[in-house]
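The values are calculated or read from the model by the stated rules, or taken from the named source; none is laboratory data. What you see is a predicted model; the values in this text were computed from it and never measured. Cβ coordinates were reconstructed from backbone atoms using ideal geometry, including for glycine residues, and neighbour counts include every protein chain displayed.
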Amino acid sequence: MSNDKLYIKTWGCQMNEYDSSKIADIMKNKLNCKITKSSKNANILILNTCSIREKAQEKLFHQLGRWKYFKKKNPEIIIGVGGCVATQEGKKILNRAYYVDIIFGPQTFHRLPQMIYKVRKFKKYLIDISFPKIEKFQFFPMTKTDKVSAFISIIEGCNKYCTYCIVPHTRGKEISRPYKDILIEVKNLSTQGVREIHLLGQNVNSYNYVDNKRKKHYTFAKLLTLISKIENIKRIRFTTSHPINFSDELINVYNKIPKLVNFLHLPVQSGSDKILSLMKRRYNISDYVSIINRIKNVRPNIQISSDFIVGFPGETKKDFENTISLILDLDLDMSFSFIYSSRPGTPASKMKDNTNILEKKKRLYLLQDCIKQQTKKFSLKMVNTIQIILVEGISNQNNKYFGKTENNRMVFFTCKKNYIGQFIYVKIIDSYIYSLYGKFMSIYKN
Ligand code: SAH
Ligand code: SF4
Ligand code: F3S
């Protein structure tokens, strides 16, 4: 073990969380360093950033300001800034935080050990925010985990260029990870006790890996089918999928693979065709409704959640009301919602926006209230039902065991024995909108 102690702070989506866990694996493997939970103990400080909405830069410099003092006390400390703000701002970060040593992007973090070596040797900052083709995945050491549910990135970047979004600019072009590597990682996780796998990507369902040697291509549906054959993986989840890639082949997978959970996060963003067109989402409401109906044909009880942006440039009260109607008509479950945030260099940032911020906040409030009522309704309906839960652990907060239902609700319960890693039947006895309380009934054999 070296004397290096690494601290990583992560903001943003699950993909960033996944990347940070891989940064930790790579650094442990190559630098032999320890991971610490306190920044005060560390000599390598990494910030993995997100720029999806505004104030990202402010948040970054605020955090760096604190780390500046650590570096004053100990000039040997290395500070690295990665993630989407790093790609977006690049060298400009040094104008406000000259003491940063490394600026790296979501596709270059596997080069961190080398970069640290060079910074120590040449005593000069380094910037690498390039988009090398799928290189990073080859550098991932085999993951070690004690979890029973694990994330895995299957596709990087995004080609969709929705007019409001920074992701294609910060994460680069869409690249599907080789299916064989994914299967190896999933199998490896399953031998360590992982029973639920959560596939990640900005658009998992545009996954398309071309095996040039065999002249075969692997779609997302095909990948799901292959993963479902791994015996010890009993549950499969994925986020995020995009309506335009929701093929019939994928809908059919819902018919064929019971391991695929009865819950789907499929962001629609708005209930107005005009706004969807301004957003360049490439579908209209009737396309979205048709997808949901077709999925419900094969999985009548599936619950659907979504993301919404309110106050997009040009959104009228009527457009907004259409969003609320859509939630009610489609009976959507717990969803995420955000006020539109202008992102540098995106087409939407140049669109005329007449709605004032107070009105936008009011719309967000109304939307979130509507979503909350929906969530509450679904949670209440679950009281007195028997749910199958994968036991994930024991909570520090209430000393109860916890795990998730298929429809993504956290359930806390007591049971006499330790069933972590097993599926059990739990009777739901109480509902607190986002979480539920239950009672252990028996073991579920799958
Ligand atoms: N790739 C996914 C979502 C990625 S970002 C998709 O296309 O569905 C997660 C969510 O952040 C988006 O669904 C959107 O609701 C929100 N978001 C993205 N850019 C935003 C912006 N500029 N302002 C406000 N919300 C935004
Ligand atoms: Fe952003 Fe659109 Fe890509 Fe999602 S699909 S990451 S919203 S550009
Ligand atoms: Fe944020 Fe980048 Fe993820 S902008 S949401 S960290 S892809």
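Hey, among Lys40, Lys9, which residue is among the basic types (Lys, Arg) and part of a helix (DSSP H, G or I)? Steps first, please.
Working: Lys9 fails: part of a helix (DSSP H, G or I).
The unique qualifying residue is Lys40.
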Checklist outcome for this item: Every listed condition ((1) away from ligand 2 (no atom under 16 Å from the Cβ); (2) free of Cβ contacts under 8 Å to residues at least 60 places away in the same chain) holds for Phe131 save (1)
Checklist entry - Out of all the residues in region 179-197, is one or more in contact (Cβ under 8 Å) with a residue 60 or more places away in the chain and either among the polar types (S, T, N, Q) or under 30 Å from Lys350 (Cα atoms) (or both)? => result no
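Listed here are the residues, each with its yes/no results for (1) touching a Leu at 6+ places or on another chain (Cβ under 8 Å); (2) more than 16 Å from ligand 1 (Cβ to nearest atom).
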| site | (1), (2) |
| --- | --- |
| Tyr117 | no, yes |
| Lys133 | no, yes |
| Lys147 | no, yes |
| Ser153 | yes, no |
| Asn159 | no, no |
| Tyr164 | no, no |
Checklist entry - So Phe246 clears everything in (1) within 16 Å of ligand 2 (Cβ to nearest atom); (2) closer than 13 Å to Ile182 by Cβ except one condition, right? Which one? => result (2)
Checklist entry - Among Lys59, Lys118, which is the only one that is assigned to a helix (DSSP H, G or I) and either within 16 Å of ligand 2 (Cβ to nearest atom) or over 25 Å from Cys158 (Cα atoms) (or both)? => result Lys118
Checklist entry - Which condition number does Thr191 fail, the rest of (1) modelled with pLDDT under 95; (2) farther than 30 Å from Gly314 by Cα; (3) loosely packed, with under 15 Cβ neighbours inside 10 Å being met? => result (1)
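I'd like to check which helices (runs of 4 or more DSSP H) are fully inside region 265-351 and have at least 2 residues that are surrounded by fewer than 21 Cβ atoms within 10 Å (Cβ to Cβ) and of a type in the set (Ser, Thr, Tyr). Give the derivation first.
Details: elements: 273-279, 285-298, 317-330.
Hits in region 265-351: 285-298.
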Checklist entry - Any chance region 262-275 includes a residue that's farther than 30 Å from Lys317 by Cβ, more than 16 Å from ligand 2 (Cβ to nearest atom) and at pLDDT 95 or above? => result yes
Next on the checklist: I'd like to know if region 244-257 contains one or more residues that are in contact with a Phe, Trp or Tyr (Cβ under 9 Å, 6 or more places away or on another chain), of a type in the set (Asp, Glu), at pLDDT 95 or above and within 27 Å of Arg195 (Cβ to Cβ).
Outcome noted: yes
